[in-house]
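Structure, as structure tokens:
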Amino acid sequence: MDTLIVEKSGPLHGTITVSGSKNAALPILMACILPTGRIVLENVPRLADIHTSCKLLSILGCHTTFEGDTVTVECGTLNPHAPYELVKTMRASVLCLGPLLAVLGEARVSMPGGCAIGARPVDIHLSGLEAMGASFELAEGYIIGRVPRPGGLKGAHIVLRFPSVGATEHLLTAAALAEGETIIENAAREPEVADVAGFLIACGAKIEGHGTSVIRVQGVDRLRGATYRVMSDRIEAGTFMVAAPLTGGELFLENCPVRELDAVIQKMREMGVGFEERPGGLLVKSGRELVGVEVETLPYPGFPTDMQAQMTTLMCHAKGLSMVEETIFENRFMHVMELNRMGAEIKVKGNAAIVKGQRGFTGAPVMASDLRASASLVLAGLAAEGRTVVERIYHLDRGYENIEHKLNAVGARITRAKS
């Protein structure tokens, strides 16, 4: 198992190119089950989860190749069985359920795994698919789904009890081939949902309202192959945005999705970080002394939960008190104990963390509990006196493409080693 050894860096300076979005690429890959013909996806990040998705597609009967940042998918005779061995490692694997039901009329998909950041039940997914005519049973850890016949899903009016990103994407893909109109209310508005819709539209789907809370899908008989470019990763970009002021540096983020990061940029501006939008990206500058702020995680366009851990790390260097309230996941403060081991002073009360700033970090051995916690610990290590050893970085490799190479290229000192 690999670890990252992070030494204190000076101010980071230079250009970092933001990779394609993991959270858009994964559901788009599962949606590749739907079209007849060749799919070419560009700007796909080379990540462990992407490789897992390609393996899963191959098992399901799709021929896949991954060269550079381009994935090519062409589905043949589909197999409805998604095995535990792959699905257990990646929660997004469950998104193959709806497309398999739409095309084959049956599916047998293992219950999903992924990061341990709280309960993320799939009942919202299943209830939506049931409204479209599917029936389910659970047996031996598998979700077994059926519809009366291939192509038997029917349009429905679905009101989500929570604007779940995964459920919105899942139902959107299933509805593309359903008979009649599907209306999804209280839909997630995240940019990644709009990107999934953009891919489906490129394949011939009829979708309106993506990016709003009400999405309308007119089912079509078939989808065709297409070439599509995946959006840039706003969470990777946001992570590097934190690295600049944390080290007192200045970074230009090439291909940065600026508009999609409005909530993060606004809070960081309140803290004293400087931003300048330029052709091709965003310049992030260390400005005046950082000051504490209050952050509440919310569904898009609010502050993203996937930036909470990184923002907490930056708060540790800000003057005064900061507070972050986590409203999306109930178990997403596991990085706090590790930051406190490095010298931070953070107290968790219920779903809020109170941060006393300007304590300074000291290098220590720390353990990552999930993907974004991993990133927060690497960031802390950049500003810590001494050496920080981050263990369990397989979480990090699931969501960041060559993070140590990108940071080292702008002045960081990070080494990958075997435990």
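Values in this text are rule-based calculations from the coordinates and carry no lab data. Everything numeric here is computed off the predicted structure, so don't read it as measured data. Don't worry about glycine lacking a Cβ; one is built from the backbone with ideal geometry, like all the others, and counts go over all protein chains shown.
Ranking Ala318, Ile33, His51 by how far each Cα lies toward the positive end of the dipole of the chain (charges on Cβ) leaves Ala318 at the top. Taking amide H positions as modeled 1.01 Å from N, with prolines and chain starts lacking one, the residues under 5 Å from Cys75 and 5 or more places away or on another chain are Gly37, His63. Its Cα centre serving as origin, the chain has a Cβ charge dipole (Lys and Arg +1, Asp and Glu -1) of approximately 440 debye.
Rounded to the nearest 10 degrees, the angle from helix 165-175 to the longest Cα principal axis of the chain is 20 degrees. Counted over segment 24-229, the DSSP beta bridges are approximately 70% antiparallel. The gain in end-to-end length when the Gln266 to Leu138 segment is fully stretched comes to 41.6 nm, 0.36 nm per residue minus the alpha carbon separation.
Residues in segment 237-246 carry Karplus couplings, in order, of 4, x, 4, 5, 4, 6, 4, 5, x, 5 Hz; the curve used is 6.51 cos²θ - 1.76 cosθ + 1.60 with θ = phi - 60°, and Gly or Pro positions show x. With θ taken as phi - 60° and the Karplus curve 6.51 cos²θ - 1.76 cosθ + 1.60 applied, the whole-hertz 3J(HN,Hα) list for segment 83-95 is x, 4, 4, 9, 5, 4, 8, 8, 4, 4, 4, 5, 6 Hz, x standing for glycine and proline. Counting every other Cβ atom within 10 Å of each residue's Cβ, Phe162, Phe275 order from fewest to most as Phe162, Phe275. Reported to two decimal places, what Rg/Rh ratio describes the chain when computed on Cα atoms with Rh from the Kirkwood expression? My calculation puts Rg/Rh at 0.98. Residue-wise HN-Hα couplings along segment 214-228, as the Karplus relation 6.51 cos²θ - 1.76 cosθ + 1.60 with θ = phi - 60° gives them from phi, are 10, 10, 10, 10, 9, x, 10, 6, 7, 10, 10, x, 7, 10, 9 Hz; Gly and Pro carry x. Of all lysines in the structure, the ones whose alpha carbon falls short of 18 Å from that of Lys88, not counting any fewer than 8 places away in one chain, are Lys22, Lys55.
Listed by chain and number, the lysines whose C-alpha is less than 19 Å from the C-alpha of Lys319, apart from same-chain residues fewer than 8 away, are Lys267, Lys285, Lys347, Lys356.
Peptides 208-217, 381-390, 89-98 ranked from most to least packed, by the mean per-residue count of other Cβ atoms within 10 Å: 89-98, 381-390, 208-217. In a simple Cβ point-charge model (Lys, Arg +1; Asp, Glu -1; nothing else charged), segment 166-287 has a dipole of about 160 debye relative to its Cα centre. Taking a straight Cα-Cα cut-off under 19 Å and skipping sequence neighbours fewer than 8 places away in the same chain, the aspartates and glutamates within cross-link reach of Lys8 are Glu250, Glu338, Glu385, Glu391, Glu404. In this calculation the C-beta distance from Arg387 to Thr15 is compared with R0 = 35 Å, giving a FRET efficiency of 0.85. How fast does segment 24-229 diffuse by Stokes-Einstein, in µm²/s, taking the Kirkwood radius from C-alpha pairs at 20 °C and 1.002 mPa s? Answer from the Stokes-Einstein relation: 130 µm²/s. Taken as Cα centroids, segment 281-303 and segment 1-76 sit 27 Å apart, rounded to the nearest whole angstrom. Counting 0.36 nm for each residue step from Thr415 to Glu254 and taking away their Cα separation leaves a gain of 55.6 nm. Across the chain, the mean sequence separation of Cα contacts (distance under 8 Å, 6 or more residues apart), normalised by length, yields a relative contact order of 21 percent. For the peptides 344-355, 45-56, residues were scored by their other Cβ atoms within 10 Å and the scores averaged per peptide; the highest-first order is 45-56, 344-355. Distance between the pseudo-spin-label points of Arg222 and Asn186 (7 Å out from Cα toward the beta carbon): 3.8 nm.
Can you tell me, using C-alpha contacts under 8 Å and at least 6 residues apart, the relative contact order of segment 24-229 as a whole percent? Relative contact order for segment 24-229 comes out at 21 percent.
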